[in-house]
Amino acid sequence: MDIRAGTRSDFPGIRDVADRSLAASYADVIDADARKQAIESWYGTEDGPPTPLEEEVDDERTVMLVAENGDGIVGFAQAYRSGDVGRIEWIHVHPEHRDAGIGDDLLARVESVLVDAGAKRIEARVIEANEEGRAFYEEHGYELHDSRDVRIGDDDVAELTLVATTETVPAGTERQGTDEGRVVVIATDESEHGTKGPFHPTYVDEAREQRLGWHCGACDSLNVNMGTMGEIVCGNCGNQRRPRRWDAAYGG
């Protein structure tokens, strides 16, 4: 088996692995229609235009690795780096090739790439119902950090964030005033990948118990909106995060 950097030409194989992996791991959580919509949104269609992910594959902040053998692409890892935080979006392995250590190898390689690029903390997120996925990361030293609700289809489900650190990273916060005269707290140590720069969540105070919205790290604006599919768009500079992925899926 070989692990290498992914390219745009790999997306048909990536799309097939993602579809089969989601179907195998999340049949009880994600129905076929929702899965099809998500796969097409993230990884495109055979004859469709490039997706944002395809356009980002050459971005230095994007990590896309594929595992292939004589059968073609059998797994992939997708991650991003924002400052000193690396976020693993997905690790998928074809169901017929699981339990062969491919997921372990992909995780080790993507961690190495993120750390070499300056990441001091690496995050992975899994749906709470994905017990194998949570166990996979915990076996590799990740610890539960927090939980929040996300919408999948018509249901709200709990999503867990698991974290591994290479050294202690101090929490980062900034304050910024709004046009209405309110001061919000910006969590600069939390981020979502955007096309022009990171988005940081905003809170009422440093306790971070009540979320307000988002801050655009590309232009330092609070004029940020979230759509029904989880997409985040800055109304000031056009920075955007594509529709929400669900979790960094287990692919052992």
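Quick notes on this structure:
- Under the simplified labelling scheme, the Val204-Thr45 pair shows an inter-label distance of 4.5 nm, with each label point 7 Å from Cα along Cα→Cβ.
- Each part gets one Cα centre, and for the stretch 100-145 versus the stretch 57-97 those centres are 11 Å apart.
- Nitroxide proxy distance, nm - points 7 Å out along Cα→Cβ at Ala32 and Asn236: 4.7 nm
- Antiparallel %, DSSP beta bridges [both residues in the chain], to 5: 95 percent
- Estimated FRET transfer efficiency (Arg148, Asp71; beta-carbon r; R0 25 Å; 0.05): 0.10
- Relative contact order (%) - the stretch 173-240, alpha-carbon pairs under 8 angstrom, separation at least six: 21 percent
- Three-way shape label, the stretch 1-127, alpha-carbon gyration tensor, a/c 1.5: rounded
FYI, it's all coordinate maths here, none of it is from the lab. Computed from a prediction, not measured in an experiment: that's the story for all the values here. Cβ sites come from the backbone with ideal geometry, for glycine too, and all protein chains shown count toward neighbours.
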